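Read through the structure below, which is laid out as structure tokens, and then see the notes.
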Amino acid sequence: MTLILWSITLIIALIAVYLSLKVTEEIERVAAVLTALICLIFCLFFAPLPIKIAILLLLLLSLNYTVNLISRYISSDSD
């Protein structure tokens with residue numbers, strides 16, 4: 001059951017992201033972005049455990065890469 005809910009919220013979020021990129025009006029764009037954010041939060045809630053772990057690992061690796069990149073930038077500016 002949760003896999004069905006996860007799939008539905010993921011599809012709605014992807015459609016909302018697509019619409020936010022294609023819409024020209026400001027109100028519709030804000031509504032589409034908010035819908036996408038809410039659906040992505042629900043999608044993370046309904047996601048199976050392996051997907052949650054994979055997302056967590058990707059976030060940790062990207063954070064580590066970002067910190068290394070920033071520290072290199074700061075050290076090159078001080079020279």
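Computed quantities for the displayed model
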{"item": "Number of the condition not met by Leu3 [criteria: (1) surrounded by 15 or more Cβ atoms within 10 Å (Cβ to Cβ); (2) of a type in the set (A, V, I, L, M, F, W, C); (3) in contact with a Pro (Cβ under 8 Å, 6 or more places away or on another chain)]", "result": "(1)"}
{"item": "Subset of segment 25-79 [acidic (Asp, Glu) and at pLDDT 85 or above]", "result": "Glu25, Glu26, Glu28"}
{"item": "Qualifying residue in segment 7-19 (condition: touching a residue at least 12 places away in the same chain (Cβ under 8 Å) and of a type in the set (Gly, Ala, Ser))", "result": "yes"}
{"item": "Only one of Leu69, Leu59, Leu37 that is within 29 Å of Thr2 (Cα to Cα) and exposed (fewer than 12 other Cβ atoms within 10 Å of the Cβ)", "result": "Leu59"}
{"item": "Number of positions in segment 40-56 that are hydrophobic (A, V, I, L, M, F, W, C), surrounded by fewer than 13 Cβ atoms within 10 Å (Cβ to Cβ) and in contact with a Phe, Trp or Tyr (Cβ under 8 Å, 6 or more places away or on another chain)", "result": "0"}
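The values are calculated or read from the model by the stated rules, or taken from the named source; none is laboratory data. These figures come from a predicted structure and were not determined experimentally. Positions of Cβ are backbone-derived with ideal geometry, glycine not excepted, and every protein chain shown enters the neighbour counts.
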